[in-house]
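K.L.:
I have a structure here, written as structure tokens, and I will follow up with some questions on it.
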């Protein structure tokens, strides 16, 4: 058995929107996200995912559950398999259910062993801040008060080599303290605290649980900022500082401000701008953007107005394009030279900062401005440079409306028509596209029974054209059994609709095969003549054999597969 504590920790590490969104296309619908249900065929979305409650529900077929349940249903996995798959995706190791070796205690997940150490260290650092006037004075000089320090759990790491030995049991031999990133083990075997003489900024996950630390040197020294290393709980490419304290304000404003430093986040919060987060010593990643766009519809990147700030903004733009939605907004706020969010908000206050946010550049404005600035003059060559540099950016965009509008902006900037830009981008994409490898078709795509099953599930009345007895010439496998069951069900209940049939199949032993077949219908055009399709496929039934209609055409050698597919293409729709 997998410990419940591990399941709880896994679910806390996962975001169901991310889990579901990697498998089906989700669209924002108010506070939730929606899609056409992957477990039954439907034309209008009735499947919803709740980011706050972390569950999914379909109002059409009543499927519901958490992230583990979704993967079990979608990928037809058992509970243990689903847990193992999801655990691997977040770098967790499932505890061995066979039990520990004789004489050892029960196995524990990494969160069970590492998080208590992080919690103990955080409490220790908070206490040391209160006991160290020098550290308190530093925060006061930076304009921070005790209330905001308490809100963010700020602390102080003493200037000693083994100060944490007072809270970490068996400090000299504790491997977990090293794995948690609190202690550094040298080559000679000596150990010492990673953070020394630093103001400590606890880093929490989206659920508010400790995963790591950031430390700012108190006086002079290098590095100025030091983060926890990559650990089983902490990855700087996934996490953001201040996300947990900012969640309520983000929800209220439907906006998040992304800045570069811990002090920027804390200073903005103290002055009333509470919806700011910071990256952790790295450029904004697509994972960061996806995480934030699951919570809000607008991201404002706030950078210094100097060359370094513009470069950071451009990297943020590049990493945002591939995960943008048409209903999301990306903006860029550039502060005056020599200013950062910390100093700027102290000068202008919260209202002045919000006024500046209202004048932030849109993604399109920033992109076109930078592309035209990089081009040299108003010449044919300059126009070519604009299109050349825009082309790889435009090809990243998956949001159709945004892609269209940006191409129009680029066309205007280059003095071309939208069609000309589309042609250039399309040709460049075709010339760079690698030859696609053979893709293994998922069951039941490669079988005649599967093709029929997919169409009957979409239009149950068409079952009248098929006699279940005629399926006897098909391979004796699960797909044929499912087709026969569906035909018999439709024959017994002639008035079944697509939704009613899906509901009856929910408790059927053929549910998984039917669910897989239903996915095929999403690739069928809306104007397809399904009745003609079924009739054409039905005419093949008498000659169907395992050789003529293999259950997995990808298992054939290339020549046999090509011959079989060519034969299928002779008939309309197959």
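K.L.:
Could you say which residue among 211, 199 is buried (at least 23 other Cβ atoms within 10 Å of the Cβ) and within 16 Å of residue 111 (Cα to Cα)? Steps first, answer last, please.
P.N.:
Values: 199 fails: within 16 Å of residue 111 (Cα to Cα).
Going through 211, 199 in turn, just one is buried (at least 23 other Cβ atoms within 10 Å of the Cβ) and within 16 Å of residue 111 (Cα to Cα): 211.
K.L.:
Here is a further query. Pull up region 141-162, narrow it to residues that are assigned to a helix (DSSP H, G or I) and farther than 19 Å from residue 197 by Cβ, then point me to the one that is farthest from the chain's Cα centre (by Cα). Before you say what the answer is, go through the steps one by one.
P.N.:
Start the filter on region 141-162 by keeping residues that are assigned to a helix (DSSP H, G or I), which leaves 141, 146-151.
Adding the requirement that they be farther than 19 Å from residue 197 by Cβ leaves 146-148, 150-151.
Values: 146: 36, 147: 34, 148: 31, 150: 31, 151: 28 Å.
The extreme case among them is 146.
K.L.:
Okay, moving on. Determine which single condition residue 302 fails, assuming it passes every other condition in (1) under 18 Å from the mean Cα position of the chain (by Cα); (2) assigned to a strand (DSSP E or B).
P.N.:
Every listed condition holds for residue 302 apart from (1).
K.L.:
A follow-up question, please. Filter region 293-302 for residues that are surrounded by fewer than 23 Cβ atoms within 10 Å (Cβ to Cβ) and modelled with pLDDT of 90 or more and give the result.
P.N.:
298, 300 - these are the residues of region 293-302 that are surrounded by fewer than 23 Cβ atoms within 10 Å (Cβ to Cβ) and modelled with pLDDT of 90 or more.
K.L.:
Does region 347-359 contain at least one residue that is surrounded by fewer than 13 Cβ atoms within 10 Å (Cβ to Cβ) and on the phi > 0 side of the Ramachandran plot?
P.N.:
no
K.L.:
Okay, next question. Looking only at region 145-164, how many residues end up being over 30 Å from residue 248 (Cα atoms) and buried (at least 18 other Cβ atoms within 10 Å of the Cβ)? Reasoning before the result, please.
P.N.:
Step one: of region 145-164, the residues over 30 Å from residue 248 (Cα atoms) are 158-164.
If we keep only those that are buried (at least 18 other Cβ atoms within 10 Å of the Cβ) as well, we get 158, 163-164.
Adding up the residues that qualify gives 3.
K.L.:
From 155, 143, grab the single residue that is outside the structural domain of residue 345 (by TED's automatic domain parsing) and at pLDDT below 95.
P.N.:
Numbers: 155 fails: at pLDDT below 95.
After ruling out the rest, the residue left standing is 143.
K.L.:
Identify all residues within region 1-21 that are without any contact (Cβ under 8 Å) to a residue 40 or more places away in the chain and under 18 Å from residue 204 (Cα atoms); write none if there are none.
P.N.:
Hit for region 1-21 is 8, nothing else.
K.L.:
Which condition breaks for residue 333 when tested against (1) crowded, with 20+ Cβ neighbours inside 10 Å; (2) more than 23 Å from residue 142 (Cβ to Cβ)?
P.N.:
(2)
K.L.:
Determine whether residue 387 is buried (at least 18 other Cβ atoms within 10 Å of the Cβ) and outside the structural domain of residue 258 (by TED's automatic domain parsing). Break it down into steps so the answer makes sense when it comes.
P.N.:
Working: buried (at least 18 other Cβ atoms within 10 Å of the Cβ): yes; outside the structural domain of residue 258 (by TED's automatic domain parsing): yes.
Against the criterion (buried (at least 18 other Cβ atoms within 10 Å of the Cβ) and outside the structural domain of residue 258 (by TED's automatic domain parsing)), residue 387 qualifies.
K.L.:
How many residues does region 278-288 hold that are part of a helix (DSSP H, G or I) and either in contact (Cβ under 8 Å) with a residue 60 or more places away in the chain or under 19 Å from residue 341 (Cβ atoms) (or both)? Give the derivation first.
P.N.:
First, pick out the residues of region 278-288 that are part of a helix (DSSP H, G or I): 286-288.
Remaining after also requiring either in contact (Cβ under 8 Å) with a residue 60 or more places away in the chain or under 19 Å from residue 341 (Cβ atoms) (or both): 288.
Going through region 278-288 one residue at a time, the tally reaches 1.
K.L.:
Now, a different point. Here are some conditions: (1) surrounded by fewer than 16 Cβ atoms within 10 Å (Cβ to Cβ); (2) more than 30 Å from the chain's Cα centre (by Cα); (3) in a helix (DSSP H, G or I). Residue 372 meets all but one. Which one does it not meet?
P.N.:
Going through the list (1) surrounded by fewer than 16 Cβ atoms within 10 Å (Cβ to Cβ); (2) more than 30 Å from the chain's Cα centre (by Cα); (3) in a helix (DSSP H, G or I), residue 372 breaks only (1).
K.L.:
Take residue 272 and tell me if it is surrounded by fewer than 16 Cβ atoms within 10 Å (Cβ to Cβ) and over 27 Å from the mean Cα position of the chain (by Cα).
P.N.:
On the way: surrounded by fewer than 16 Cβ atoms within 10 Å (Cβ to Cβ): yes; over 27 Å from the mean Cα position of the chain (by Cα): yes.
The answer is yes for residue 272.
K.L.:
Something else: Of all residues being without any contact (Cβ under 8 Å) to a residue 24 or more places away in the chain and in a helix (DSSP H, G or I) in region 56-74, which is surrounded by the most Cβ atoms within 10 Å (Cβ to Cβ)? Just the residue, please.
P.N.:
Initially, region 56-74 is screened for residues without any contact (Cβ under 8 Å) to a residue 24 or more places away in the chain, giving 57-59, 64-65, 69, 72.
Now restrict to residues that are in a helix (DSSP H, G or I): 69, 72.
Numbers: 69: 16, 72: 19.
It comes out as 72.
K.L.:
Could you name every one of the strands (runs of 3 or more DSSP E) located completely within region 10-55 that has at least 2 residues being in contact with a strand residue (DSSP E or B) (Cβ under 9 Å, 6 or more places away or on another chain) and either under 19 Å from residue 286 (Cβ atoms) or at pLDDT below 90 (or both)?
P.N.:
On the way: elements: 27-29, 32-35, 47-50.
Counting at least 2 such residues, we get 27-29, 32-35.
K.L.:
Taking the condition of being more than 30 Å from residue 15 (Cα to Cα) and modelled with pLDDT under 90, how many residues in region 186-209 meet it?
P.N.:
Looking only at that region, the number is 5.
K.L.:
Identify the residue in region 244-269 that is touching a helix residue (DSSP H, G or I) at 6+ places or on another chain (Cβ under 9 Å) and closer than 14 Å to residue 213 by Cα and, among all such residues, is surrounded by the fewest Cβ atoms within 10 Å (Cβ to Cβ).
P.N.:
So the first thing to find is which residues in region 244-269 are touching a helix residue (DSSP H, G or I) at 6+ places or on another chain (Cβ under 9 Å), and the list is 245-246, 249-250, 255-261, 263-269.
With the extra rule that they be closer than 14 Å to residue 213 by Cα, the set shrinks to 261, 263.
Details: 261: 20, 263: 22.
Among those residues, the one meeting the criterion is 261.
Conditions (1) touching a residue at least 12 places away in the same chain (Cβ under 8 Å); (2) touching a helix residue (DSSP H, G or I) at 6+ places or on another chain (Cβ under 6 Å); (3) closer than 21 Å to residue 532 by Cα, marked per residue:
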{"site": "450", "(1), (2), (3)": "yes, yes, yes"}
{"site": "457", "(1), (2), (3)": "yes, yes, yes"}
{"site": "461", "(1), (2), (3)": "yes, no, yes"}
{"site": "476", "(1), (2), (3)": "no, no, no"}
{"site": "481", "(1), (2), (3)": "yes, no, no"}
{"site": "486", "(1), (2), (3)": "yes, yes, yes"}
{"site": "494", "(1), (2), (3)": "yes, no, yes"}
{"site": "506", "(1), (2), (3)": "yes, no, no"}
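K.L.:
If you don't mind, another one. If we only count strands (runs of 3 or more DSSP E) wholly inside region 163-259, which ones have 2 or more residues that are in contact (Cβ under 8 Å) with a residue 24 or more places away in the chain and over 25 Å from residue 308 (Cα atoms)? Don't jump to the end; show me each part of the working.
P.N.:
On the way: elements: 183-185, 191-193, 198-204, 210-217, 225-227, 255-259.
Ranges flagged: 191-193, 198-204, 210-217.
K.L.:
What is the number of the single condition among (1) in contact with a helix residue (DSSP H, G or I) (Cβ under 9 Å, 6 or more places away or on another chain); (2) within 19 Å of residue 246 (Cβ to Cβ); (3) at pLDDT below 85 that residue 276 does not meet?
P.N.:
So the condition that residue 276 fails would be (3).
K.L.:
Could you identify the single residue in 324, 317 that is out of contact with any strand residue (DSSP E or B) (no Cβ under 6 Å at 6 or more places or on another chain), crowded, with 17+ Cβ neighbours inside 10 Å and assigned to a loop (DSSP other than H, G, I, E, B)?
P.N.:
Within the list 324, 317, the selection yields 324.
The values are calculated or read from the model by the stated rules, or taken from the named source; none is laboratory data. Only a predicted model underlies this, so the values are computations on that prediction, with no experimental measurement involved. Backbone-built Cβ (ideal geometry, glycine too); neighbour counts: all protein chains shown.
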